[in-house]
Structures are given as C-alpha cells and as structure tokens.
1. Ordered by packing density, taken as the mean number of other Cβ atoms within 10 Å over each peptide's residues, highest first, how do 84-94, 56-66, 38-48 rank?
2. Please give the calculated 222 nm ellipticity per residue for the chain, where each DSSP H segment of at least 4 residues contributes -39500 (n - 2.57) and the sum is spread over every residue; nearest 500 deg cm²/dmol?
3. With r defined as the distance between the Cβ atoms of PHE37 and PHE8 and R0 fixed at 35 Å, what FRET efficiency is calculated, to the nearest 0.05?
4. Dipole of the chain, Cα-centred, from +1 at each Lys and Arg C-beta and -1 at each Asp and Glu C-beta, to the nearest 20 debye?
5. Report, to the nearest 10°, how far helix 41-56 tilts away from the longest principal axis of the Cα atoms in the chain, using its own Cα long axis and a range of 0 to 90°.
Amino acid sequence: MSRALLKFVRVSPTKARLIAREVQGMNAELALAALEFMPNKAAGIVSKVIASAVANGDFEPEEVTITSCRVDKAAVMKRWRPRARGTASRIIKPTAHILVEVGVAEKTENTKKGA
C-alpha cells in the first residue's frame with residue numbers, strides 16, 4: 001500500500017469531497033480516465049494525487065485500487081473587500097489537504113467451502 005498527500009491546495013474541501021467519493025474504491029486506471037473528463041477543478045488535482053500515490057509504490061495503475069481518498073479542511077485565507085459607506089466584508093478562500101491511499105487489488109474467487 002502506498003499513499004500521497006497534497007497539503008494546502010487552493011480548492012474548497014466541500015467541492016473536492018464530491019470528487020473523492022466518486023473515485024474511492026475504483027481501479028486507479030479507471031479513476032484516472034474518469035477524472036480526465038470531469039470539468040471540475042478538483043478533478044484535475046485529485047487525479048495528480050492518485051498518479052503520485054501509484055508512482056510512490058512503484059505500481060502500474062491497472063494493478064491497484066484506491067483504498068482511501070480523503071479530503072480534510074486546511075487553513076482559510078481571509079481577505080477584505082471594500083463595501084458601501086466605508087465598511088468592509090470578508091472574503092473566505094478555503095484550502096484543503098488531499099490524502100490518497102492505493103493498494104494492490106485483491107482478486108475474489110467464488111469457491112464453495114467443503115466442495
């Protein structure tokens with residue numbers, strides 16, 4: 001099993017979790033192919049982390065499955081925008097930590113006990 005961690009990436013954790021749930025449990029090769037055609041910004045980022053996790057273990061993408069794909073909340077950048085009557089409103093720019101773990105795919109055989 002190998003893993004890859006990307007920290008403080010400038011994407012909303014809520015939006016990245018939608019992508020992470022889609023690929024969890026998939027074959028790495030199929031996940032990379034599916035993420036290539038998703039229009040989301042987070043899809044490209046998660047795709048690179050999956051490719052890094054596969055390379056960290058010296059595997060081929062068709063050999064492994066994604067055992068865990070987790071997106072955690074990181075620090076939030078706070079910015080200010082001037083508004084009417086001399087006031088200001090806050091702009092929140094969230095960041096995320098993305099952790100991907102891949103493992104060798106286990107082949108399941110349908111064998112009966114006692115036969």
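No lab work stands behind these numbers, since they all come straight from the coordinates. None of the values given here were measured: they were computed from a predicted structure. Using ideal geometry, Cβ is built from the backbone for each residue, glycine included, and neighbour counts are taken over all protein chains shown.
1. Packing proxy ranking, top to bottom: 38-48, 56-66, 84-94.
2. It comes out at -9500 deg cm²/dmol, rounded to the nearest 500.
3. Efficiency, rounded to the nearest 0.05: 0.85.
4. The dipole of the chain has a size of about 1460 debye.
5. 40
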